[in-house]
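Reviewing the structure listed below.
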Amino acid sequence: MPDLFVICEAREVQEEDVRRFVLARQVEGAMVPWPILVTRKGGQFHAYENACPHDGKPLDGGQGDFLDEEGNFLQCKAHGDLFDIETGACFIGPAKGQSLTRLELVIDEGDICMIDEGLTDEDGMHLEEPDAHPEVMITSD
């Protein structure tokens, strides 16, 4: 069984809070950034790729603001799509009928973790343009 990859401590994601992270993932032999978000609702943690299924843009537009004005739904800032926090399903906007890509989490000894053989904890991505993506592989707001 692959090792657990720690994203953050569970206490770092409060109820009705959304945190963004950029992980590093091996894809076809290259390290690439993998933006995700983790949220908590009703005591349950939910994680999704930070990409709208409509056009692949980050839901938060890079600003760290994921929720609608009332704080009830995840919202794509580009086109106003609204997504159910618990299921990732879009019910309003251009992505209606589609869903965010859900990620499986494991809570282990107070840590939010993932099991993914492609994840790496490298401290740099060795990109040609280092400013194109974060230098640190696991980040939070």
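The values are calculated or read from the model by the stated rules, or taken from the named source; none is laboratory data. No experiment lies behind these values; they were computed from the predicted model shown. Every residue, glycine as well, gets a Cβ built from its backbone with ideal geometry; the counts of neighbours run over all protein chains shown. Calculation scope for accessible area: heavy atoms of the full protein, side chains included, ligands and nucleic acids excluded. Shrake-Rupley method; radii C 1.70, N 1.55, O 1.52, S 1.80 Å.
Gly80 falls short on exactly one of the conditions (1) open to solvent by 30 Å² or more (accessible area, probe 1.4 Å); (2) at pLDDT below 95, and that condition is (1).
For the range 41-55, indicate whether the set of residues that are touching a helix residue (DSSP H, G or I) at 6+ places or on another chain (Cβ under 8 Å) and modelled with pLDDT of 95 or more is non-empty. First the steps, then the outcome.
Filtering the range 41-55 down to residues touching a helix residue (DSSP H, G or I) at 6+ places or on another chain (Cβ under 8 Å) leaves 45.
Subset that is modelled with pLDDT of 95 or more: 45.
Yes - at least one qualifying residue is present in the range 41-55.
For beta carbons closer than 7 Å, sequence separation of 6+ or different chains, a first residue in the range 83-103 that is within 20 Å of Asp65 (Cβ to Cβ) and a second that is open to solvent by 70 Å² or more (accessible area, probe 1.4 Å) and at pLDDT 95 or above, the qualifying pairs are Asp84/Phe91; Gly88/Arg102; Cys90/Lys96; Cys90/Gly97; Cys90/Gln98.
For Glu12, the stated conditions hold: it is open to solvent by 30 Å² or more (accessible area, probe 1.4 Å) and under 14 Å from Cys113 (Cα atoms). One residue stands out in the range 15-52 among those that are within 12 Å of the chain's Cα centre (by Cα) and in a loop (DSSP other than H, G, I, E, B): the one that is surrounded by the most Cβ atoms within 10 Å (Cβ to Cβ), namely Cys52.
Take the range 53-72 and flag every residue that is assigned to a loop (DSSP other than H, G, I, E, B) and under 15 Å from the mean Cα position of the chain (by Cα).
Within the range 53-72, the subset assigned to a loop (DSSP other than H, G, I, E, B) is 53-66, 68-72.
Pro53, Gly56, Lys57, Pro58, Leu59, Asp60, Gly61, Gly62, Gln63, Gly64, Asp65, Phe66 - these are the residues of the range 53-72 that are assigned to a loop (DSSP other than H, G, I, E, B) and under 15 Å from the mean Cα position of the chain (by Cα).
Scan the range 100-137 for residues that are assigned to a loop (DSSP other than H, G, I, E, B), surrounded by fewer than 17 Cβ atoms within 10 Å (Cβ to Cβ), modelled with pLDDT of 50 or more and of a type outside the set (D, E, K, R) and jot them down. Thr101, Gly110, Ile115, Gly118 - these are the residues of the range 100-137 that are assigned to a loop (DSSP other than H, G, I, E, B), surrounded by fewer than 17 Cβ atoms within 10 Å (Cβ to Cβ), modelled with pLDDT of 50 or more and of a type outside the set (D, E, K, R). Exactly one residue out of Gly97, Gly71 is open to solvent by less than 50 Å² (accessible area, probe 1.4 Å), on the phi > 0 side of the Ramachandran plot and modelled with pLDDT of 90 or more, and it is Gly71.
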